[in-house]
Amino acid sequence: MARMHRILVPLFLHVCLLNWSAWAKVELTMHEGVEVYLGDSAQIPCQYSFTDTDNKPSFFMIQWFVRAFRQPASPRIRIFYGDDEQQMVDNNTDYSGRIHVTSDQQGTQLTIQDVQLNDEREFFCQVNGLVAGSGEGKTHLRVFAPPEAPVIEGVPTGISVTNEGLSKVASCEARNGYPKPNITWYRNGMPLMSTPGHINVLILVTRKSNVSGISVQSTLEYKVVKDDKDAHFSCEVSFFVPGAIRTVESNSVNITVHYPTTMVELWKESPQGLVKEGDTVELRCQGDGNPPPVFIFNREQELDVDLESNHGDVLMLSPVSRKDSGIYQCRPLDSEVKGEMQLTVHYLDPAVVVPKDSEVMLKGEDLTATCNALSSLKTSTVWYKDGKQVGKGNTLHLKDATYETTGEYVCEVTVPSLPALHTSGSVHIIVQGGPQLVGVEQEVQLEEATGRMVNLSCEVQGHPLPSLSWSIVGSQNWQEVVSKANEHIIHSVVSVKVTSDTSALCNASNDLGTEVKAFSIKAIPRVTSAAPFSPAEGSGVIIVVIILCLLLLAILGSVLYFLHKKGKIPCGRSGKQEISTKEKTTKDDIVVEMKTNAKNEEAVLLKAVNGDKKGPSDQ
């Protein structure tokens, strides 16, 4: 019964509309198009009004139809119908379960959920107002799906500029976009347009199904030139969105361009600075071609001889000498373009000294010595003797030669601009002459105590080496204790025992003269002493002895004076007298014995004898 109602009611209404449409009409207002993103909900409004407002119907029907876009011959499919009492969504359509319709007195609105790409169609809104008339309008639903980010791939192999025609440079793909995306190519930010013989773009469009987006693949074919070696290629995808156009740019890619060598450069890689003999020299060759070619090295003097290169672009020379100086060239195997450079190997020959080795000159003479070393650079020469600088320049002047002039003179030759280059030479100068005392004293005066030993030294220089002899008068006890000599100086020391005044002569002689050094020794008698003492100690002892003697004489005088006063001592001038005390003496008695003769009188003895003590009357 419900099925018959759904069929008969629309049919009845359709018949009625055909009869009443002549005098009644409905005006509808719809958008020309509605735009929506894939997967969103779309709202399609339908506004209507009746021309005969006096006969505004109380009952009317609304129907929604759909038809493929831009296909007028295709049938329309109803997807909804309804009136004031009921609203029905047609079954078995693409929109069953995805749409619903809302209506009021001003209009109706169709809402489509989860919009798909195949929903891009024409949607018709039909209003039937019976006696009030009918009307119909349509809206084009447009669906948009932004594509995935573009993917660009450059050609992995090199592209030669000598290729005929165009070469594939890169490809760019934009997937699952709707409507179809567009791809534009750029070189260093500048758009590329198809140009016959230079640029061509191939487009491949694919779509797997009606529900998937459109994938576009673009291939750039390009006439590559050398300048493209540093160029960056990119693609840009442009696509529609509701109410606008958007673009997305890909990454940039660089291609490998192969091109022939047109310029070659050759330079010295090492060592830095000037090159000297013995160095290891590295020459490097480089061209502007790609890929870098293999180079051939040779010398301008021997163009038909190829020099061995182990690394293709490097020539090693080790060790170099002055013969390696010259112009070197390099060129690619497949080209006549070449590069060249001048290599100069600097040198410094051994120093040549004139006079050579050694030179003999007389005292007082002058001598000029020279030192020269052949070099490719400016040199500097300095003379040294015993480590001290004695001259500068390649010439050394020795004037008024003395024995001090004798020695080895070394000249050192250096190159200021290349300090690693240096050499040296030497000459040995021998000054020839008669003997000459070392020191200024020819006569030496000495004083020494008798019996002492004295060392006499005599040092003489000369060339040829003098001979020494000693002549000593006044002492027979002497001997030579030191005798030594070198090439120019002889030294002798004799030890002489002083017994009296002595004179000694040191006689030196060679083929060119003689020299004498005289020594005069004055002997001083030596005072004998039990024990040696110093002059200060001797004078002190003498003073003590004198004082003791004076004290002894004073005591003796006092005793004699006392005895004389007591009458104990009679005095006489002739004969022998004896003075004695009583027969018995004590230990306290004092006995004095005086003896005189005709010649002299002298005190012989004074002594105190200890005996028995006497009483006061006996003393």
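Here are the numbers:
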| quantity | calculated |
| --- | --- |
| Subset of the range 89-119 (residues that are out of contact with any Pro (no Cβ under 7 Å at 6 or more places or on another chain), at pLDDT 90 or above and in a strand (DSSP E or B)) | Val89, Ile99, His100, Val101, Thr102, Thr108, Leu110, Thr111, Ile112 |
| Residue, farthest from Ser218 (Cα to Cα), within the range 124-171, restricted to residues that are surrounded by fewer than 21 Cβ atoms within 10 Å (Cβ to Cβ) and in contact with a Pro (Cβ under 7 Å, 6 or more places away or on another chain) | Val131 |
| Residues located in the range 192-224, provided they are open to solvent by 70 Å² or more (accessible area, probe 1.4 Å), touching a residue at least 60 places away in the same chain (Cβ under 8 Å) and within 21 Å of Ile255 (Cβ to Cβ) | none |
| Strands (runs of 3 or more DSSP E) enclosed by the range 275-322 - at least 1 residues per element that are more than 30 Å from Val224 (Cα to Cα), over 30 Å from the mean Cα position of the chain (by Cα) and at pLDDT 90 or above | 295-299 |
| Matching entry among Val413, Val382, Val360, Val390 (being open to solvent by less than 20 Å² (accessible area, probe 1.4 Å) and either touching a strand residue (DSSP E or B) at 6+ places or on another chain (Cβ under 9 Å) or farther than 19 Å from Val431 by Cα (or both)) | Val413 |
| Condition broken by Gly451, with the remaining ones in (1) in contact with a Lys or Arg (Cβ under 7 Å, 6 or more places away or on another chain); (2) more than 25 Å from Val498 (Cα to Cα) satisfied | (2) |
| Matching entry among Lys338, Lys323 (being under 25 Å from Leu374 (Cα atoms) and open to solvent by 40 Å² or more (accessible area, probe 1.4 Å)) | Lys323 |
| Among residues of the range 120-129, those that are out of contact with any Ser or Thr (no Cβ under 9 Å at 6 or more places or on another chain) and outside any loop (DSSP other than H, G, I, E, B), counted | 1 |
| Subset tally (residues that are among the hydrophobic types (A, V, I, L, M, F, W, C), open to solvent by less than 40 Å² (accessible area, probe 1.4 Å) and in contact with a Phe, Trp or Tyr (Cβ under 9 Å, 6 or more places away or on another chain)) for the range 293-313 | 1 |
| The range 453-497, residues that are assigned to a loop (DSSP other than H, G, I, E, B) and either modelled with pLDDT of 90 or more or within 30 Å of Glu408 (Cα to Cα) (or both) | Pro464, Leu465, Pro466, Asn486, Glu487, His488 |
| Check on Ile490, open to solvent by less than 30 Å² (accessible area, probe 1.4 Å), within 60 Å of the chain's Cα centre (by Cα), farther than 30 Å from Lys276 by Cα and among the hydrophobic types (A, V, I, L, M, F, W, C) | yes |
| So Asn507, is it under 22 Å from Gln445 (Cβ atoms), modelled with pLDDT of 90 or more, open to solvent by 40 Å² or more (accessible area, probe 1.4 Å) and not basic (Lys, Arg) | yes |
| Unmet criterion (only one of (1) surrounded by 10 or more Cβ atoms within 10 Å (Cβ to Cβ); (2) modelled with pLDDT of 50 or more) for Thr585 | (2) |
| Condition met for Tyr259 (free of Cβ contacts under 8 Å to residues at least 60 places away in the same chain and open to solvent by less than 40 Å² (accessible area, probe 1.4 Å)) | no |
| Any chance Tyr186 is surrounded by 14 or more Cβ atoms within 10 Å (Cβ to Cβ) and touching a helix residue (DSSP H, G or I) at 6+ places or on another chain (Cβ under 9 Å) | no |
| Test result for Ser325, in contact with a Leu (Cβ under 8 Å, 6 or more places away or on another chain) and among the polar types (S, T, N, Q) | yes |
| Total residues in the range 89-118, condition in contact with a strand residue (DSSP E or B) (Cβ under 9 Å, 6 or more places away or on another chain), farther than 17 Å from Cys46 by Cβ and in contact (Cβ under 8 Å) with a residue 40 or more places away in the chain | 5 |
| Failed condition for Asn254, given (1) out of contact with any Cys (no Cβ under 9 Å at 6 or more places or on another chain); (2) open to solvent by less than 30 Å² (accessible area, probe 1.4 Å) | (2) |
| Residue in the range 390-406 that is in contact (Cβ under 8 Å) with a residue 60 or more places away in the chain and hydrophobic (A, V, I, L, M, F, W, C) present | no |
| Thr395 vs. criteria modelled with pLDDT of 95 or more, open to solvent by less than 80 Å² (accessible area, probe 1.4 Å) and under 42 Å from the mean Cα position of the chain (by Cα) | no |
| Count of residues meeting criterion [closer than 23 Å to Asn163 by Cα and open to solvent by less than 40 Å² (accessible area, probe 1.4 Å)] in the range 265-291 | 3 |
| Selected residue (criterion: nearest to the chain's Cα centre (by Cα)) from residues of the range 431-447 that are in a strand (DSSP E or B) and either surrounded by 17 or more Cβ atoms within 10 Å (Cβ to Cβ) or free of Cβ contacts under 8 Å to residues at least 40 places away in the same chain (or both) | Val431 |
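A quick yes/no check of all residues on (1) free of Cβ contacts under 8 Å to residues at least 40 places away in the same chain; (2) closer than 22 Å to Glu487 by Cα:
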site	(1), (2)
Leu362	no, yes
Thr370	yes, no
Trp383	yes, no
Gly387	yes, yes
Cys411	no, no
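The values are calculated or read from the model by the stated rules, or taken from the named source; none is laboratory data. As the structure is a prediction and not an experimental result, all values here were calculated from the model. So basically every Cβ, Gly included, is an ideal-geometry build from the backbone, and we count neighbours across all protein chains shown. The area values use the complete protein model at the heavy-atom level, side chains included, leaving out ligands, DNA and RNA. Shrake-Rupley method; radii C 1.70, N 1.55, O 1.52, S 1.80 Å.
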